[in-house]
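Beneath this line is the structure, given in C-alpha coordinates, with notes to follow.
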Amino acid sequence: MTRQRPEPVQVVKERRDAALHALADGIPYVRFLNITFERHGNELTAVLNFQDAHIGNPGIPALHGGVTASFLETTALIGLGWQNLWEGIESGRIDAKNLTPQSLPRMPKTIDFTVDYLRTGLPRDAYARAVVNRSGRRYASVHVEAWQDNRQRPFAQATGHFLMPPPPE
(Lines give C-alpha, C1' and ligand atoms only; values in the text may rest on other atoms or scores of the structure.)
Protein backbone atom coordinates (compact mmCIF):
# COMPACT_ATOMS: atom_id res chain seq x y z
CA MET A 1 0.00 0.00 0.00
CA THR A 2 1.53 3.31 -1.09
CA ARG A 3 0.90 6.42 0.84
CA GLN A 4 -0.05 9.59 -0.99
CA ARG A 5 2.55 12.32 -0.67
CA PRO A 6 1.33 15.45 1.11
CA GLU A 7 1.14 18.69 -0.81
CA PRO A 8 4.18 20.96 -0.55
CA VAL A 9 3.85 23.52 2.25
CA GLN A 10 4.13 26.42 -0.18
CA VAL A 11 1.15 25.15 -2.20
CA VAL A 12 -0.97 24.89 0.96
CA LYS A 13 0.04 28.42 2.04
CA GLU A 14 -0.74 29.87 -1.38
CA ARG A 15 -4.18 28.20 -1.39
CA ARG A 16 -5.00 29.56 2.08
CA ASP A 17 -3.76 33.05 1.20
CA ALA A 18 -5.82 33.05 -2.01
CA ALA A 19 -8.92 32.06 0.00
CA LEU A 20 -8.30 34.88 2.50
CA HIS A 21 -7.85 37.41 -0.30
CA ALA A 22 -11.08 36.24 -1.97
CA LEU A 23 -12.90 36.61 1.37
CA ALA A 24 -11.55 40.12 2.05
CA ASP A 25 -11.98 41.29 -1.56
CA GLY A 26 -15.64 40.27 -1.40
CA ILE A 27 -16.30 43.26 0.86
CA PRO A 28 -15.69 46.59 -0.94
CA TYR A 29 -15.64 48.50 2.37
CA VAL A 30 -12.46 46.59 3.31
CA ARG A 31 -10.69 48.17 0.34
CA PHE A 32 -12.25 51.59 1.04
CA LEU A 33 -10.90 51.66 4.60
CA ASN A 34 -7.58 50.14 3.44
CA ILE A 35 -7.79 47.13 5.77
CA THR A 36 -5.47 44.22 5.12
CA PHE A 37 -5.15 40.85 6.85
CA GLU A 38 -2.09 38.94 7.96
CA ARG A 39 -2.48 35.19 8.34
CA HIS A 40 -0.44 32.94 10.60
CA GLY A 41 -1.91 29.45 10.41
CA ASN A 42 -5.61 29.90 11.04
CA GLU A 43 -5.11 33.09 13.10
CA LEU A 44 -5.80 36.47 11.48
CA THR A 45 -4.60 39.93 12.39
CA ALA A 46 -6.40 42.83 10.72
CA VAL A 47 -4.38 45.93 9.88
CA LEU A 48 -6.02 49.33 9.43
CA ASN A 49 -3.40 51.02 7.26
CA PHE A 50 -3.48 54.67 8.28
CA GLN A 51 -4.78 57.33 5.90
CA ASP A 52 -5.45 61.02 6.61
CA ALA A 53 -9.13 60.37 5.80
CA HIS A 54 -9.34 58.23 8.98
CA ILE A 55 -8.88 61.31 11.20
CA GLY A 56 -12.08 62.45 12.88
CA ASN A 57 -10.74 65.32 14.97
CA PRO A 58 -7.73 67.05 13.38
CA GLY A 59 -7.20 69.15 16.53
CA ILE A 60 -6.17 66.12 18.64
CA PRO A 61 -5.60 64.32 16.01
CA ALA A 62 -7.58 61.13 16.59
CA LEU A 63 -9.05 58.30 14.56
CA HIS A 64 -12.73 58.81 13.81
CA GLY A 65 -14.99 56.71 16.03
CA GLY A 66 -16.88 55.44 13.00
CA VAL A 67 -13.66 54.26 11.37
CA THR A 68 -12.72 52.48 14.61
CA ALA A 69 -16.14 50.82 14.90
CA SER A 70 -16.11 49.80 11.22
CA PHE A 71 -12.60 48.37 11.61
CA LEU A 72 -13.70 46.29 14.61
CA GLU A 73 -16.90 45.05 12.97
CA THR A 74 -15.11 44.18 9.74
CA THR A 75 -12.46 42.30 11.73
CA ALA A 76 -15.19 40.34 13.52
CA LEU A 77 -17.02 39.48 10.28
CA ILE A 78 -13.88 38.45 8.40
CA GLY A 79 -12.67 36.48 11.44
CA LEU A 80 -15.96 34.62 11.63
CA GLY A 81 -16.08 34.11 7.87
CA TRP A 82 -12.46 32.90 7.89
CA GLN A 83 -13.20 30.36 10.62
CA ASN A 84 -16.04 28.90 8.55
CA LEU A 85 -14.01 29.05 5.32
CA TRP A 86 -10.99 27.44 7.00
CA GLU A 87 -13.09 24.47 8.15
CA GLY A 88 -14.52 24.06 4.64
CA ILE A 89 -11.11 24.24 2.96
CA GLU A 90 -9.46 21.84 5.39
CA SER A 91 -12.31 19.32 5.14
CA GLY A 92 -12.36 19.51 1.33
CA ARG A 93 -15.96 20.83 1.15
CA ILE A 94 -14.70 24.08 -0.42
CA ASP A 95 -12.38 24.14 -3.42
CA ALA A 96 -9.91 26.90 -2.50
CA LYS A 97 -8.17 26.77 -5.89
CA ASN A 98 -11.19 28.19 -7.73
CA LEU A 99 -12.51 30.47 -5.00
CA THR A 100 -13.72 33.93 -6.04
CA PRO A 101 -15.70 36.55 -4.11
CA GLN A 102 -18.81 35.36 -6.01
CA SER A 103 -18.34 31.69 -5.10
CA LEU A 104 -17.69 32.26 -1.39
CA PRO A 105 -20.12 31.00 1.23
CA ARG A 106 -22.51 33.68 2.46
CA MET A 107 -21.26 35.95 5.23
CA PRO A 108 -22.88 36.23 8.68
CA LYS A 109 -25.24 39.15 9.39
CA THR A 110 -24.75 41.47 12.35
CA ILE A 111 -27.42 41.22 15.04
CA ASP A 112 -25.81 43.71 17.44
CA PHE A 113 -22.39 45.21 17.93
CA THR A 114 -21.16 47.10 21.00
CA VAL A 115 -17.94 49.13 20.90
CA ASP A 116 -15.97 50.28 23.93
CA TYR A 117 -13.64 53.21 23.17
CA LEU A 118 -10.85 52.83 25.74
CA ARG A 119 -8.46 55.61 24.64
CA THR A 120 -7.74 57.86 21.69
CA GLY A 121 -6.79 56.12 18.46
CA LEU A 122 -3.63 57.84 17.25
CA PRO A 123 -2.85 58.72 13.61
CA ARG A 124 -0.96 55.52 12.77
CA ASP A 125 -1.63 51.93 11.75
CA ALA A 126 -3.95 49.93 14.00
CA TYR A 127 -4.21 46.17 14.50
CA ALA A 128 -7.08 43.96 15.63
CA ARG A 129 -7.83 40.33 16.37
CA ALA A 130 -11.19 38.65 16.69
CA VAL A 131 -11.90 35.75 19.03
CA VAL A 132 -14.98 33.67 18.26
CA ASN A 133 -16.49 32.88 21.65
CA ARG A 134 -19.33 30.76 20.31
CA SER A 135 -20.27 29.68 16.82
CA GLY A 136 -23.26 27.47 16.25
CA ARG A 137 -25.51 26.72 13.29
CA ARG A 138 -27.59 29.88 13.73
CA TYR A 139 -25.72 32.26 16.03
CA ALA A 140 -22.18 33.39 16.79
CA SER A 141 -20.60 35.62 19.43
CA VAL A 142 -17.30 37.40 18.72
CA HIS A 143 -14.98 39.62 20.79
CA VAL A 144 -12.51 41.98 19.07
CA GLU A 145 -9.63 44.05 20.45
CA ALA A 146 -7.77 46.80 18.57
CA TRP A 147 -4.37 48.21 19.50
CA GLN A 148 -1.65 50.32 17.94
CA ASP A 149 1.79 50.17 19.51
CA ASN A 150 1.26 47.76 22.39
CA ARG A 151 -1.12 44.83 22.23
CA GLN A 152 -1.49 44.96 26.02
CA ARG A 153 -2.99 48.47 25.71
CA PRO A 154 -6.00 48.26 23.37
CA PHE A 155 -7.59 51.55 22.30
CA ALA A 156 -10.95 49.92 21.52
CA GLN A 157 -12.76 46.63 21.95
CA ALA A 158 -16.09 45.28 20.81
CA THR A 159 -18.49 42.40 21.25
CA GLY A 160 -20.82 41.34 18.49
CA HIS A 161 -23.53 38.79 17.88
CA PHE A 162 -24.10 37.48 14.40
CA LEU A 163 -26.74 35.48 12.53
CA MET A 164 -25.03 32.63 10.74
CA PRO A 165 -26.04 31.88 7.15
CA PRO A 166 -27.69 28.54 6.41
CA PRO A 167 -25.23 25.86 5.27
CA PRO A 168 -24.84 25.52 1.48
CA GLU A 169 -27.06 22.93 -0.13
Of the residues in the stretch 96-131, those that are more than 18 Å from residue 24 (Cα to Cα), surrounded by fewer than 17 Cβ atoms within 10 Å (Cβ to Cβ) and among the aliphatic types (A, V, I, L, M) come to 111, 118, 122
Can you tell me which of 7, 38, 14 is acidic (Asp, Glu) and part of a strand (DSSP E or B)? 38
Within the stretch 63-78, does at least one residue satisfy the condition of being at negative phi, assigned to a loop (DSSP other than H, G, I, E, B) and out of contact with any strand residue (DSSP E or B) (no Cβ under 6 Å at 6 or more places or on another chain)? no
Looking at the stretch 68-84, is at least one residue surrounded by 20 or more Cβ atoms within 10 Å (Cβ to Cβ), under 18 Å from the mean Cα position of the chain (by Cα) and among the charged types (D, E, K, R)? yes
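Yes/no per residue for (1) of a type outside the set (Lys, Arg); (2) modelled with pLDDT of 90 or more:
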| residue | (1), (2) |
| --- | --- |
| 3 | no, no |
| 13 | no, no |
| 16 | no, no |
| 19 | yes, no |
| 23 | yes, no |
| 26 | yes, no |
| 30 | yes, yes |
| 36 | yes, yes |
| 56 | yes, yes |
Give just the number: which of (1) assigned to a strand (DSSP E or B); (2) over 16 Å from the mean Cα position of the chain (by Cα); (3) of a type in the set (A, V, I, L, M) does residue 140 not satisfy? (2)
Matching residues in the stretch 135-149 - criterion: being out of contact with any Leu (no Cβ under 8 Å at 6 or more places or on another chain) and either modelled with pLDDT of 95 or more or surrounded by 14 or more Cβ atoms within 10 Å (Cβ to Cβ) (or both): 141, 143, 145, 147
Note on the stretch 144-169: residues touching a residue at least 40 places away in the same chain (Cβ under 8 Å) and part of a strand (DSSP E or B) are 144, 146, 156, 157, 158, 159, 160, 161, 162, 163
Mind listing whichever residues of the stretch 117-137 are within 18 Å of residue 85 (Cβ to Cβ), outside any loop (DSSP other than H, G, I, E, B) and of a type in the set (Gly, Ala, Ser)? 130, 135
One residue is enough: does the stretch 6-27 have a residue meeting the conditions of a type outside the set (S, T, N, Q), closer than 13 Å to residue 75 by Cβ and surrounded by fewer than 16 Cβ atoms within 10 Å (Cβ to Cβ)? no
Checking 50, 37 in turn, the sole residue that is in contact with a Lys or Arg (Cβ under 9 Å, 6 or more places away or on another chain), aromatic (Phe, Trp, Tyr) and either touching a residue at least 60 places away in the same chain (Cβ under 8 Å) or closer than 27 Å to residue 100 by Cβ (or both) turns out to be 50
Residues of the stretch 38-60 being surrounded by 12 or more Cβ atoms within 10 Å (Cβ to Cβ) and small (Gly, Ala, Ser), which ones? 46, 56
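The values are calculated or read from the model by the stated rules, or taken from the named source; none is laboratory data. Here the structure is a predicted model, which means the values were calculated and not measured. Virtual Cβ from ideal backbone geometry, glycine too; neighbours counted across all protein chains shown.
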